[in-house]
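Notes follow the structure.
The values are calculated or read from the model by the stated rules, or taken from the named source; none is laboratory data. Quantities reported herein were computed from a predicted structural model and do not represent experimental measurements. Here the Cβ is made from the backbone with ideal geometry for all residues, glycine too, and neighbour counts use every protein chain on show. For accessibility, only protein heavy atoms count, side chains too; no ligands or nucleic acids. Shrake-Rupley method; radii C 1.70, N 1.55, O 1.52, S 1.80 Å.
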Amino acid sequence: MKSMKQELTICTVSFNSASCLELNWLLVNRFNSELNYSWIVVENSDANSDERLPPENQKFITVEGVACTRTRARGSYHHAAGLNRALELVTSRYVLFLDPDFFIIRQDWINEMLEHMQANQLSFFGVPYHPAR
């Protein structure tokens, strides 16, 4: 497969997800031979959470999250506001919104995904929830 040097930004909103993010980072780096990406994490966890990314973490570009409003569907709004905060920081052509607990375990998936999108002139590419959900 021809390698593409395309820039990708991965965006994630973390809410008590540090351990999942650490595993996801390991998998991204293990399954992709050429890495040309940055990873923005909006940290929406409470300040005292044990699953909050530590400030000294160098794997991600970590930005402070958004305040959780007291609405009926506050979890959804809190997550969406975090995604919007991450999107404001994206400067690459391609962006991947990746939940902390969504693991991609296909060899060289970054290059393959970008090649597929470019070859098919796609501006959006995604996956549905698993049918059992």
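Key figures
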quantity: Selection count, region 4-37, where residues are under 14 Å from K59 (Cβ atoms) and of a type in the set (K, R); calculated: 1
quantity: Qualifying positions in region 25-45 - over 14 Å from the mean Cα position of the chain (by Cα), surrounded by 14 or more Cβ atoms within 10 Å (Cβ to Cβ) and not small (G, A, S); calculated: F31, N32, N36
quantity: Residue satisfying all of: in region 91-117; polar (S, T, N, Q) and open to solvent by less than 80 Å² (accessible area, probe 1.4 Å); nearest to W25 (Cα to Cα) among these; calculated: N111
quantity: Flag for V13 being over 21 Å from P128 (Cβ atoms) and among the β-branched types (V, I, T); calculated: no
quantity: Selection count where residues are part of a loop (DSSP other than H, G, I, E, B) and out of contact with any Leu (no Cβ under 9 Å at 6 or more places or on another chain), scope region 102-123; calculated: 8
quantity: Residue list for region 46-74, restricted to those being surrounded by 12 or more Cβ atoms within 10 Å (Cβ to Cβ), out of contact with any helix residue (DSSP H, G or I) (no Cβ under 6 Å at 6 or more places or on another chain) and within 25 Å of T91 (Cα to Cα); calculated: N57, F60, I61, T62, V63
quantity: In region 47-67, the residues that are under 18 Å from D99 (Cα atoms) and part of a loop (DSSP other than H, G, I, E, B); calculated: E51, R52, L53, K59, F60, G65, V66
quantity: First in region 13-31 and in contact (Cβ under 8 Å) with a residue 24 or more places away in the chain and within 11 Å of L98 (Cβ to Cβ), second anywhere and part of a helix (DSSP H, G or I) and open to solvent by 20 Å² or more (accessible area, probe 1.4 Å), Cβ under 6 Å, 6 or more apart; calculated: V13/H79; V13/L83
